[in-house]
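Taken together, the values in this text are just the output of simple stated rules run on the coordinates, not laboratory data. Predicted, not measured: the structure shown is a model, and the values here were computed from it. Cβ placement follows ideal geometry from the backbone for every residue including glycine, while neighbour counts extend to all protein chains displayed.
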Amino acid sequence: MKLLQVITTGGTIDKIYYDEKSDYQIGEPEIARILTDMKVAFRWQVQPLLRKDSLELTDADRDLVRRAVEASDAKHILITHGTDTMTETARVLEGLGDRVIVLTGALNPARFIGSDAVFNIGCAVGAVQALDPGVWIAMNGRVWDPRKVRKNREANRFEAVD
């Protein structure tokens, strides 16, 4: 892997909550801090693209993500994304040749103690280096084909689609 291109779109992984109103904002991408803290042994570059909750993403936003991937010279691309519509964005990214594209996010903000963010990013980094070209989702310690997974909101985890 010459370079890991990281594209950020917002989502829970980058949320900052305010106690008074249980309100939130999407903050700066957390992945740069996480990769730096973990002292990873590869080159990476973060491209902040959007700061949106995934429920607010539009078709135009998904097209912007696709165009960012198409414009990148990197063959290994990791996208941080909100979990609610991650599979929809993954479908828009299909058919981009010999690239390995892995989407990941978090069910709890990366700034929270006990967040799944670091674990999911670590899983996604391993996946993007080991998988065949295509689009994948790395969540809950598993790597999923986006056409065969869904988010179970009640259980707050991803699961296979029958």
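Find the relative contact order for the chain and round it to a whole percent, using C-alpha pairs within less than 8 Å whose residues are 6+ positions apart.
Working: 330 pairs, mean separation 38.2, N = 162.
So the answer I get is 24 percent.
Restricting the count to DSSP beta bridges whose residues both fall in the chain, what percent are antiparallel, rounded to a multiple of 5? Don't jump to the answer; show the numbers that get you there.
On the way: 11 of 31 bridges.
Among the beta bridges of the chain, antiparallel pairing accounts for roughly 35 percent.
Rank-order 50-60, 125-135 by packing density, defined as the average count of other C-beta atoms within 10 Å over each peptide's residues, highest first.
Working: 50-60: 15.1, 125-135: 16.8.
Packing order, densest peptide first, comes out as 125-135, 50-60.
Calculate the translational D of the stretch 10-142 in whole µm² s⁻¹ from Stokes-Einstein, where the hydrodynamic radius comes from the Kirkwood formula applied to all Cα pairs, the temperature is 4 °C and the viscosity 1.567 mPa s. Don't skip to the answer; put the middle values down first.
Values: Rh = 15.0 Å.
Value of D from the Cα-based Kirkwood radius: 86 µm²/s.
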